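What follows is a set of notes on a single structure, which appears directly below.
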Amino acid sequence: MNNQITYSDLILLNEDILTNAHELIDCGADKIELMMDGHAWNDMEDIFEVLAEELRKLPVDFSVHPPAWDINLTSENKAVRKTAFDEYKKAIEFAGMIGAKHVVIHPGFCFSPVFDKKQAQQRSAAYIKQLCDIAKPLDVHLAVENVGYQGSALFSEEEFGHFLDEIDDTAGYLIDIGHAQLDNWNIPKVIHTVKGRLLGLHIHDNFGEADEHLPIGKGKINWDDILDALNDIHPDCELILEYAPGTPLEHLRHGKAFLKQKHIVG
């Protein structure tokens, strides 16, 4: 088992990118997931080269989370789908520039029961296959995340576990624990189902009503069962602490210590 604890800079959303990285390093980060949302990323193409050079100087590794707000790879609007694909493509290329091992991919949302989820799943698969072709030569993996709740998720628990069966292994799974909780999934079962292609987990808590991104133990998620499942399968994956903006940084240290105490980190 070779799990690495990663800090998402979602916790510092809308602040300067390099300043965020230094603050997280000071808080004990070994790896940082860069969230490409907020005004600091508005002119991302113009800053990529200089930013990548500065990030490569830092004593941490990176993963990349493309823009998440207002992005839908399976939108019923073709222009929105194209924009989402283009933003993911940019994120993958940037990941290659900084040696990031994975880029998070939101496979899409279905916001109205009027629309066909099977068609949305097919669109998502087609786009992800194209993104694999971009990512593979860069040695970047695509971490496909379970997103959506209260009816907007593309996949049931079972569908998600088999979504990548016909897709190149450049793509793997990222289980977002908070989202799975909101959809009433059996999280330990999902971990076992996707264990052969599990790239990471987004770790945060909630009370089952909203996507609160609380620190571990501040909601009602049963962490013992989840961590037991991880210890059972001995995965080589990232454990990404993805806490809400404004959460005190000390909670990252506490979360890291908790995971180490549970012997999840090898």
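The values are calculated or read from the model by the stated rules, or taken from the named source; none is laboratory data. Everything numeric in this text was worked out from a predicted model, so none of it was measured. Neighbour counts are summed over all protein chains in view; Cβ atoms, including those assigned to glycine, are modelled from backbone coordinates with ideal geometry. Accessible surface areas use protein heavy atoms only, side chains included; no ligands, DNA or RNA. Shrake-Rupley method; radii C 1.70, N 1.55, O 1.52, S 1.80 Å.
Annotations
- Residue match in the range 128-143 (condition: in contact with a Phe, Trp or Tyr (Cβ under 8 Å, 6 or more places away or on another chain), at pLDDT 95 or above and either under 28 Å from residue 212 (Cα atoms) or among the charged types (D, E, K, R) (or both)): yes
- Selection status of residue 6, part of a loop (DSSP other than H, G, I, E, B) and open to solvent by less than 20 Å² (accessible area, probe 1.4 Å): no
- Extreme residue, nearest to residue 12 (Cα to Cα), among residues of the range 38-78 that are touching a residue at least 40 places away in the same chain (Cβ under 8 Å) and of a type in the set (D, E, K, R): 61
- Meeting the requirement of 3 or more residues that are surrounded by 13 or more Cβ atoms within 10 Å (Cβ to Cβ) and among the aliphatic types (A, V, I, L, M), the strands (runs of 3 or more DSSP E) wholly within the range 43-146 are 102-105, 141-145.
- The test for being hydrophobic (A, V, I, L, M, F, W, C), part of a strand (DSSP E or B) and open to solvent by 10 Å² or more (accessible area, probe 1.4 Å) does not hold for residue 174.
- Condition broken by residue 180, with the remaining ones in (1) open to solvent by 50 Å² or more (accessible area, probe 1.4 Å); (2) hydrophobic (A, V, I, L, M, F, W, C); (3) part of a helix (DSSP H, G or I) satisfied: (1)
- Residues of the range 198-224 satisfying the condition of being at negative phi, surrounded by fewer than 14 Cβ atoms within 10 Å (Cβ to Cβ) and not hydrophobic (A, V, I, L, M, F, W, C): 209, 220, 222, 224
- Among residues of the range 79-92 that are among the β-branched types (Val, Ile, Thr), those with a Cβ under 6 angstrom from a residue that is open to solvent by 30 Å² or more (accessible area, probe 1.4 Å), sequence gap 6+ or separate chain, pair up as 92/134.
- Subset of the range 1-37 that is free of Cβ contacts under 8 Å to residues at least 40 places away in the same chain and polar (S, T, N, Q) - its residue that is farthest from residue 214 (Cα to Cα): 19
- Restricting attention to the range 147-167, the residues that are assigned to a helix (DSSP H, G or I) and either open to solvent by less than 50 Å² (accessible area, probe 1.4 Å) or of a type in the set (Ser, Thr, Tyr) (or both) add up to 3.
- Residue list for the range 188-224, restricted to those being assigned to a helix (DSSP H, G or I) and under 18 Å from residue 257 (Cα atoms): 223, 224
- Only residues that are open to solvent by 20 Å² or more (accessible area, probe 1.4 Å), within 19 Å of the chain's Cα centre (by Cα) and either aliphatic (A, V, I, L, M) or farther than 23 Å from residue 173 by Cβ (or both) were counted across the range 254-266, and they come to 1.
- Entry remark, the range 236-259: residues being farther than 24 Å from residue 182 by Cα and in contact (Cβ under 8 Å) with a residue 12 or more places away in the chain number 4 in total.
- Answer residue from the range 229-253, given it is under 20 Å from residue 199 (Cβ atoms) and assigned to a helix (DSSP H, G or I) and is most open to solvent (accessible area, probe 1.4 Å) among those: 232
- All conditions but one from (1) modelled with pLDDT of 95 or more; (2) open to solvent by 10 Å² or more (accessible area, probe 1.4 Å); (3) polar (S, T, N, Q) apply to residue 20; the one that does not is (2).
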